[in-house]
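Peer 1: Sharing a structure here in structure tokens format.
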Amino acid sequence: MRPKGDSYFEARMFLPLHDENPTRRFPAVTILLIALNAGVFLWTALAPQGLDVFVLRFGAIPYTLTHGPIPGFPVERIPPLAAVFASMFLHGGLLHLLGNMLYLWIFGNNVEDVLGPARFLVFYILGGAAAAATHIALHPSSTAPMIGASGAVAAVLGAYFLLFPRARVRTLLFLFVFVQVVYLPAAVLLGFWFLLQLVSAGLGGGVAWFAHIGGFIAGMLMIRAATAKTRRAA
């Protein structure tokens, strides 16, 4: 079986480096999530049984949620719902991890600043669950494990897209042999990212593109609900 992860470094014309959007408070939860993802990656990378065993045991497999246990599965799995959450902290390689954590670091601190640490943690977990649910709903019979933080990170991007569309993001632009640092509005950068997910979903492949799409939309919906009271008060 092939893990359905992804890397934000794959087929990208834009690589964000930093946003010009200061925060008022220390992003404790964002840093904690990055540390947890990095720690789990080191644990799985150094474990003698190898990454594949962890993917099979802890990855989110749509079939197990829609049909039940897979006959003759080679390892003992954790409960399917638990796997949805555990899979958010597994990554298939160093670039997979670095890409997800780069986006989380750049955009997560500002979303945490708006929501506060406790609500941001809930937002992140629910965003990842919504992303997984989207993939599962569209591929209910898939037996390929899905791993990675990208669904939860996509929810963060969706929230940032609505909260700070005009924030300038220092970005490395790749255009064939042309490479240059440019400043782009977040709405342009993240809008292009979302468009790329839609195009890529139509092309298929071994990446859970619809999880990214579902996470992004869930993030927009959740941040609208979370900030509705503030907007009414203003």
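Peer 1: Have a look at Phe54, Phe41, Phe174 and tell me which one the Gaussian network model of the chain (Cα, springs below 10 Å) gives the largest fluctuation.
Peer 2: Phe174
Peer 1: How much length is gained on full extension from Ala225 to Arg25, taking 0.36 nm per residue of separation minus their Cα-Cα distance?
Peer 2: Gain in length upon complete extension: 69.8 nm.
Peer 1: Order 43-52, 153-162, 96-105 from most to least packed using the mean count of other Cβ atoms within 10 Å.
Peer 2: 153-162, 96-105, 43-52
Peer 1: Let me have the 222 nm mean residue ellipticity of the chain computed from DSSP H runs of 4+ only, each contributing -39500 (n - 2.57), with the sum over all residues rounded to the nearest 500.
Peer 2: -19500 deg cm²/dmol
Peer 1: What nm value, rounded to one decimal, do you get for the distance between Leu196 and Leu46 when each label is placed 7 Å out toward the C-beta?
Peer 2: Distance between the two pseudo-spin positions: 3.2 nm.
Peer 1: For the chain, with a Gaussian network of springs between Cα atoms less than 10 Å apart, report the residue from Pro62, Pro117, Pro79 with the top mean-square fluctuation.
Peer 2: Pro79
Peer 1: Working from the pairwise distances between different alpha carbons, so that the mean of 1/r is found and then inverted, what is region 1-141's Kirkwood radius in Å? Please report the intermediate quantities before stating the final value.
Peer 2: Working: mean 1/r = 0.0606 Å⁻¹.
Averaging 1/r across every pair of different Cα atoms and inverting gives 16.5 Å.
Peer 1: While we're here: Return the single residue from His91, His212, His67 with maximal mean-square fluctuation; model: Gaussian network over the chain, springs between Cα atoms under 10 Å.
Peer 2: Sorting by GNM fluctuation, first place goes to His67.
Peer 1: Where in the chain is the longest stretch that carries no trypsin sites (Lys or Arg not before Pro) classed as loop by DSSP and with at most 11 other Cβ atoms within 10 Å? Display every interim value, and only then the final one.
Peer 2: Working: sites that count: Arg24, Arg25, Arg166.
The segment 26-165 is the longest one with no such site.
Quick note: the coordinates plus some simple rules give every number you see, no bench work behind them. Keep in mind the model is a prediction, meaning the values are calculated, not measured. Glycine also receives a Cβ, built like all others from the backbone with ideal geometry; neighbour counts cover every protein chain displayed.
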